[in-house]
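Below: one structure, written as structure tokens.
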Amino acid sequence: MKQKKLYDYQTNFPVNPQAKTDSHEAKAPFIDNGSGPISPERYYSLTWMEQERTRLWAKVWNWAGREEDIPSQGDFFTFKIGRESFVVIRGSDHKIRAFFNVCPHRGNRLVAEGSGYLQDSISCPFHAWSFNFDGRVTSVTDKETFRKEALARDLSLSEVRCEIWEGFVFINMDWEAKPLIDQLGPLPEHAIPYRLKDMRIVRRLTSTWDANWKVGFDGFAEAYHVHCIHPQILPVFNDYHSQIDLYPNGMTRAITKFGEESPRLENDETNQGLQALMKEVGIDPEKYQNKPSEVRAAIQKAKRIRAKQLGLDWSEFVDGQLTDDWNYSIFPNILLGLHPEGANLLYFRPHIHDPRKFVFDIIILMHPQKNKDIRPPSYMGLPEEADLQVQTSAETIEVDWREGGLGELFDQDSYLFTQIQEGIESAGFRGAILSGQEQRIGHFHAELDRYMKAP
């Protein structure tokens, strides 16, 4: 491999070694999570899964949806995490609240999974008990038939905490948990130039994969496997020289260069993949005279010029943000890739009862555009026919991973993860051994262990 040198696991490869300490691209101080193996039981044990239900999912901030999906009074959507279902609804005071999707009378689900509109109340379909949008009970059918002491209990819906950041609605079952903003670390400041609140979901896929949710998260939290599983992107993706940043509360970031060939290829010419990226931003590859290693900088320069011509203000972005994938993990189960044109959100949710399955959501967000010349880079995976005006939020498309349709890279990973799940359960596997390229995985599991060991 060309450009290969002695690897320093504490510093890895800063994308800009000259970045000032207050710059968003500055390398974060190293956090040492040790080098011990990761116990395999957490990936398949029912006992571990049950403990996660009470010690993890009931304590952390879970992303439920986007606030623009419920713009008016009575608009609602449901959200599921494991066995729990929640109703997220906008009230008459325009405030968004979230409740367990369960009637306090006999435990029936209040609304079917999905989204919709309720005119003036939440009514249980089982016995027609009714509740205001703030959760207070308004009607108990045949109230006179209940003993007085039975109705002396709290009859309101069970509310959970609900907080919003940049249009993302999060819920938390733990009323003692720290505020959402504390969990997000440096992300709120780093994300300012992207204007995530103004983005809209243009593509929403969901699929149930045959692996534990942590197998999914681990797999997408590192680029170490790319040269084996996704070699087709190496011409435009430097999988080796990544900057990995570890932050408190289990949060991480990886900055990986697009527009730069992987050093594993050892190619001295401007390959066809780089030429295609150049064409996307108006550079004629036949007239390009510089080195292949300078293509990334050329694309950044061209993007700034093109953005100005299209009336886009990209002045707050550093050069690296114009080409690279700035990928943040939000503990425990979100990977958020940021680009000036849009964002990719990967969401890993536990199955309702099977530790060997997880629900995988692929979300692509974009700024609504009327100008058809404004399109995301091809590596974001948005289909050509996607509606970038985003007049309505994209419907959820359910995909069977065995039939494909998630996108080339995701389809490749879906088969890989089933093999990982089987291998992890082998008597011959003694626990994961992590390289410096996999530090995000170690950081995630260190934080997970803190939750799991908490009293």
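The values are calculated or read from the model by the stated rules, or taken from the named source; none is laboratory data. Quick caveat, the model's predicted, so the values are computed rather than measured. Cβ placement follows ideal geometry from the backbone for every residue including glycine, while neighbour counts extend to all protein chains displayed.
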For this session: Considering (1) touching a helix residue (DSSP H, G or I) at 6+ places or on another chain (Cβ under 9 Å); (2) surrounded by 17 or more Cβ atoms within 10 Å (Cβ to Cβ); (3) at pLDDT 95 or above, say which one Pro188 fails and leave the rest.
Result: (2)
Exercise. Counting residues that are surrounded by fewer than 13 Cβ atoms within 10 Å (Cβ to Cβ) and without any contact (Cβ under 8 Å) to a residue 12 or more places away in the chain, which strands (runs of 3 or more DSSP E) fully inside segment 105-182 reach at least 2?
Worked result: none
Problem set entry | Pairs, first under 17 Å from Leu406 (Cα atoms) in segment 351-365, second buried (at least 19 other Cβ atoms within 10 Å of the Cβ) and basic (Lys, Arg), C-beta under 8 Å, six or more apart | Phe358/Arg349; Val359/Arg349; Phe360/Arg349; Asp361/Arg349; Ile362/Arg203; Ile363/Arg203; Ile364/Arg203; Leu365/Arg200
Problem set entry | Total residues in segment 394-430, condition surrounded by fewer than 13 Cβ atoms within 10 Å (Cβ to Cβ), within 19 Å of the chain's Cα centre (by Cα) and part of a loop (DSSP other than H, G, I, E, B) | 1
Exercise. In this structure, does Ala307 turn out to be out of contact with any helix residue (DSSP H, G or I) (no Cβ under 6 Å at 6 or more places or on another chain), assigned to a helix (DSSP H, G or I), in contact (Cβ under 8 Å) with a residue 40 or more places away in the chain and not β-branched (Val, Ile, Thr)?
Worked result: no
Exercise. Considering segment 379-393 alone, what residues qualify as being under 19 Å from the mean Cα position of the chain (by Cα), of a type in the set (Gly, Ala, Ser) and under 26 Å from Ala276 (Cβ atoms)?
Worked result: Gly381
Exercise. When you look at Asp313, is it assigned by TED's automatic domain parsing to the domain that holds Ala223, without any contact (Cβ under 8 Å) to a residue 12 or more places away in the chain and closer than 19 Å to Glu166 by Cα, yes or no?
Worked result: yes
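Yes/no per residue for (1) modelled with pLDDT under 95; (2) not in a helix (DSSP H, G or I):
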site	(1), (2)
Ile244	no, yes
Thr256	no, yes
Glu266	yes, yes
Ala302	no, no
